[in-house]
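The structure appears right after this line, and notes come after that.
The values are calculated or read from the model by the stated rules, or taken from the named source; none is laboratory data. What you are looking at is a predicted structure, and each value in this text was computed from that prediction instead of being measured. Note that we place each Cβ from the backbone using ideal geometry, even for glycine, and neighbour counts take in every protein chain shown.
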Amino acid sequence: MLRWVAKLVLFTIWIFISLSAAEVRRSVVITFETDPNADFYHIEWLKEKPRSGAKLSDADRFIEKVTTSPIRKQLPIEYRFFRMRTAAGGYYSRWGEVISLEKSTEKLTVQADERPDDSDKLRRHTEKQTEAKAENDRTVAGKSDINEKDTPDKKDSGGDVESLRTQLPKDDCCFRTVMIEGRPQKILAGRELPLAELTFERPLYYSLDGGEIKSYEQPLQFRNDGEHRLDIFVGPLPRQRRLRTIWFRVDNSAPVTTLGLFQPVIYDGGQLWITGTSRLELKSEDPGSGVAFIRYRFYKNEESAPEFRDYRGEFSLLPKLADIEQEVLFEFFAEDQNGNREKTKRVTIHIDTLAPRMRVAEQAPKGYHRLLLEEKSTPVLVEIYDALGKLVRRAETRHMLQFPKLPAGRYKAKLTDNFGNSRQQEFELKD
């Protein structure tokens, strides 16, 4: 009999969720070690884990033929498991182990909704710190970027060049100096660079990125982000002399921040659920001037929004949100070193740190008992023991468990949800 010969050595699961999207998908990358004797492989995507002896319907699964590793798939979120088999010489191996896409130790990344920011308090709060840092960086950088060799002396210019030096834009007027990869870099503050309108007998010229030398008439406009070299000259042409060379960046784009949720995380019924042990991580990218800080806050729906706090590393929502089973609002944003502020993003997260509860229904079909479960987030494993501690019923259900009548008496139920929140509860069954 053909055996399963493709060894699964690594599978990486990233789930990208758009809260406003009509269909939620997970992006799955599965890497496995192939067999040189195999013709191809089958991968079966499953909504539910197959039970022994039970047959899944076509609506709950589909099979794809694959020939290479890795497998990359944009998969509807309701497909939660997969398994593989090998085909060679006209025969199939047995199906391999069923693997859950939700029990991975990888993290889930959420694409949050953006909402307009209603205040500039945070920018004003850091304004003095930003100015102080820029001044310190200019002192550290210290070195003038005036090319002394290419600058005419006072005798040739009648003193005009020295006057021009003092009237050229100062760095704190038009640039911010920030540290990028350990080196001071000039960032244009805004989209406009005014070189200064000067009135003396020899006019001012400039060249951008080694291009044509042009006469300076109005402030230079920069619409797109990027790095530039600006050469400033004193005329007249063609006897101009370079006065100064400035290397700088244009950065008017805000950072992009994502929220990572480390397992255990469950996406169930269109809702995102975490528990007390779930860890949260914020990551922000800004290729222009670099991220200055990330801030966040979280609160219950009925509470007033608190002040934002600085993000300093991954964290959990405990102990503040202990012993609850409800939705929480999580908001965050980042700002770069040039003052570009990201719009505040908001994610609605349901947190479950409570163990399930149950009660015996007053009415049930003839010959049956019915237990009603109080649990919002996930399916619950129900284990029922008699007075002697013997397991008499075991089933996974969501809202209700119905089973044939047991003898009247006292019983104990152990209730466990998918987050591991567990409770033991005694109850009585009557005839």
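Got at least one residue in the range 395-412 being basic (Lys, Arg) and crowded, with 16+ Cβ neighbours inside 10 Å?
no
Being more than 21 Å from Lys49 (Cβ to Cβ) and either modelled with pLDDT under 90 or of a type in the set (S, T, N, Q) (or both) is true for just one of Ala413, Ala364. Which residue is that?
Testing whether each residue is more than 21 Å from Lys49 (Cβ to Cβ) and either modelled with pLDDT under 90 or of a type in the set (S, T, N, Q) (or both) leaves just Ala364.
Does Glu342 count as over 30 Å from Asp310 (Cβ atoms) and among the charged types (D, E, K, R)?
Working: over 30 Å from Asp310 (Cβ atoms): no; among the charged types (D, E, K, R): yes.
So Glu342 does not fit the description; no.
Which one is surrounded by the fewest Cβ atoms within 10 Å (Cβ to Cβ), of the residues in the range 413-431 that are under 45 Å from the mean Cα position of the chain (by Cα) and not in a strand (DSSP E or B)?
Step by step, filter the range 413-431, then rank; the result is Gly420.
Take the residues in the range 68-102 that are aromatic (Phe, Trp, Tyr) and part of a strand (DSSP E or B); name whichever of them is surrounded by the fewest Cβ atoms within 10 Å (Cβ to Cβ).
Here the answer is Tyr91.
Residue by residue through the range 56-67, note down the ones that are surrounded by 10 or more Cβ atoms within 10 Å (Cβ to Cβ) and either without any contact (Cβ under 8 Å) to a residue 24 or more places away in the chain or of a type in the set (A, V, I, L, M, F, W, C) (or both).
The answer is Leu56, Asp60, Arg61, Phe62, Ile63, Glu64, Val66.
With the range 322-399 as the region, which strands (runs of 3 or more DSSP E) entirely inside it contain at least 1 residues that are in contact (Cβ under 8 Å) with a residue 24 or more places away in the chain and of a type in the set (Phe, Trp, Tyr)?
Numbers: elements: 325-336, 345-352, 357-360, 368-374, 380-385, 391-397.
In the range 322-399, the matching strands (runs of 3 or more DSSP E) lie at 325-336, 368-374, 380-385.
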